[in-house]
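Undergrad: Just passing along the structure, written as structure tokens.
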Amino acid sequence: MAATAQHPQINPLSVQAASLVRSIDALSNIFWLCFLGFFLSIFFAGLAQLEDNAYTDSIYLGEYQVPKAILPLASLSFAVFAFWLVSNRLNMLSYVLSTSALSFTVVRDIFHLNPPVLHVFDRINSNPWSLFSGVSVFIFIWAVFFGNAIALIWSTAVEQGATVAEFDPILLIIYAVAIIAVLVFGARAVVPPLRAILNTLHGESFKVGWQRHAMAFLVIALTVVINESDQFFSDFDNEGDDFIGPAYANAIDGETLFMRGFEVVLFGIDAVERDQVCQDAMGQDYPCGMQATQALQELVQSERVVCWPLVNVNENRVLAICKLTTEDEPPPMEAEEFIDGFQPGDLSRLMVVEGHAVGIGIGENRFGEEQMEAQTLRKGIWKGSFQPPRLWRSQH
């Protein structure tokens, strides 16, 4: 009797109840982790659309900066990790339920201890038309997450900064394949154990349903459109054939024109900033940024400019290929005229030729010979030393 008092037997049902509580609690923590990823994706996608960030390689957070190039990889990596964790915990919960001898009333009471988890496993989730059920809410959250991830990928691979100037179609294909692979992995990892749990709890076969799939694709599309609204809804339709001009323009800095009410950024180059100071051959400071601005102004002050917009940074700012045009020269009829062949009046090319800008992205190849010649002849910024404009901006 004394031995029995010292070593009381543990009720197996208590162990099973404790296992169920731990499984539900672990799953709940992962659900909150998914919510955190959801809000962070909205936060960074919103920051990427701010004007100060839309035209740079990085997202600035005070004195810190987050390179845009790592955000898509971070988003997809988080999605894989979260799907793996959710699948792991769902399988654990499914195993605990399938091996438990607890009554349904006790199991239900344990689930009631954690309302968010209860709502995901409630009977209403078996109805695919219940778009406000727990499963539907999580599908909505993940759809917003992937929509923001796609928008960040678009900003990284297509826009200027890490952007149009560095456009790489192969990179976009890789990202597209990666997104599809992650979505397939998530579906195959999460749905089977979720189906098993709902079947154990309610004895009903669970299907995601085409209604929820349609909602997910619609939410993803809407999220991308909202993030890239400046790209999809442009004011340039009024210009005719999507061209700006021909019109007279004024230089804002060495790579930006003001024309027809828009700020037009020259494609493929990075000019020294307007307030930037460089050093000449004698090591003396001189206002290279002002000289670059004046050089661009001299190019456009007596001739009209016509531009083909590539990317709308915001409603008043666009990245474009621009060239000088004479009074008797007919306006371009097709965008290919800006791309095919040598364009002697290409403003980006002329700024590189005069040594006031460097080529970036596609511009490195497009204007490579001109930049080498300007460097050899020590024209403009090449007559001394200078900070790359991208580095100068990050420090100022």
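The values are calculated or read from the model by the stated rules, or taken from the named source; none is laboratory data. If you're wondering where the values come from, they're calculated on a predicted model, not measured in any experiment. Neighbour counts run over all protein chains shown; Cβ positions are idealised from the backbone, glycine included.
Undergrad: Being under 25 Å from the mean Cα position of the chain (by Cα) and among the aromatic types (F, W, Y) is the filter here; which residues of the range 174-216 pass it?
TA: Hits for the range 174-216 are Y175, F185.
Undergrad: Another question, then. Do we have S98 as of a type in the set (S, T, Y) and modelled with pLDDT under 75 here?
TA: no
Undergrad: Are there helices (runs of 4 or more DSSP H) fully within the range 1-65 with at least 2 residues that are out of contact with any helix residue (DSSP H, G or I) (no Cβ under 9 Å at 6 or more places or on another chain) and modelled with pLDDT of 70 or more? List them.
TA: Here the list reads 12-49.
Undergrad: Take D275 and tell me if it is at pLDDT below 80 and not in a strand (DSSP E or B). Please lay out each step first, then the result.
TA: Working: at pLDDT below 80: no; not in a strand (DSSP E or B): yes.
No, not satisfied.
Undergrad: Out of the range 211-228, which residues are among the aromatic types (F, W, Y) and either within 17 Å of I42 (Cβ to Cβ) or outside any helix (DSSP H, G or I) (or both)?
TA: Once the filter is applied, which keeps residues that are among the aromatic types (F, W, Y) and either within 17 Å of I42 (Cβ to Cβ) or outside any helix (DSSP H, G or I) (or both), the range 211-228 yields nothing.
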